[in-house]
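Novice: For reference, the structure I am asking about is given below.
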Amino acid sequence: MPKQLEIEILPCDDATESSCPLCGENLSLSSSVGMLYDGDQPLGCVCERCLNENPKQVAGRLRERVVDLYEFIRKARQSLAGEPWIKCIEKVRSRAEHWDALSGRIACLEQWPVRQQA
């Protein structure tokens, strides 16, 4: 059974570059960030756009990424041959399946659940 998805708002003193685990956009971390957790597993810092949008909208964008990955896989299987490419394609397929399942879970949320700090 999947664990609960939660957002924890954390202070951030360092300005570092990262990418949002939901939309893939680059983000610059500033005074605070939203860390997305799946139970106790951190999934990454969520961009301001995703954090401020309804989870259903975010799930829709994540599904668009999944569709793009499956299209890449379809084309790659037709064009690329050899063991190294097969392993690469399988990793991409695994990532697409992960994002697809995550988007379904996010779509069920009415709002982002905020993790309570201990």
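Novice: What number goes with the only condition from (1) more than 12 Å from the chain's Cα centre (by Cα); (2) at positive phi that Gly44 does not pass?
Specialist: Gly44 satisfies every listed condition except (1).
Novice: Which condition number does Cys50 fail, the rest of (1) surrounded by 12 or more Cβ atoms within 10 Å (Cβ to Cβ); (2) more than 18 Å from Leu5 (Cβ to Cβ) being met?
Specialist: Cys50 satisfies every listed condition except (2).
Novice: To continue, here is another question. Would you confirm whether any residue within region 91-98 is over 23 Å from Pro113 (Cα atoms), at pLDDT below 85 and hydroxyl-bearing (Ser, Thr, Tyr)? Spell out the reasoning first.
Specialist: Narrowing region 91-98 to residues over 23 Å from Pro113 (Cα atoms): 91-97.
Imposing the further condition that a residue be at pLDDT below 85 reduces the set to none.
No.
The values are calculated or read from the model by the stated rules, or taken from the named source; none is laboratory data. Note that this is a predicted model, so its numbers are computed, not measured. With ideal geometry, Cβ positions are generated from the backbone for all residues, glycine too; neighbour counts draw on all protein chains shown.
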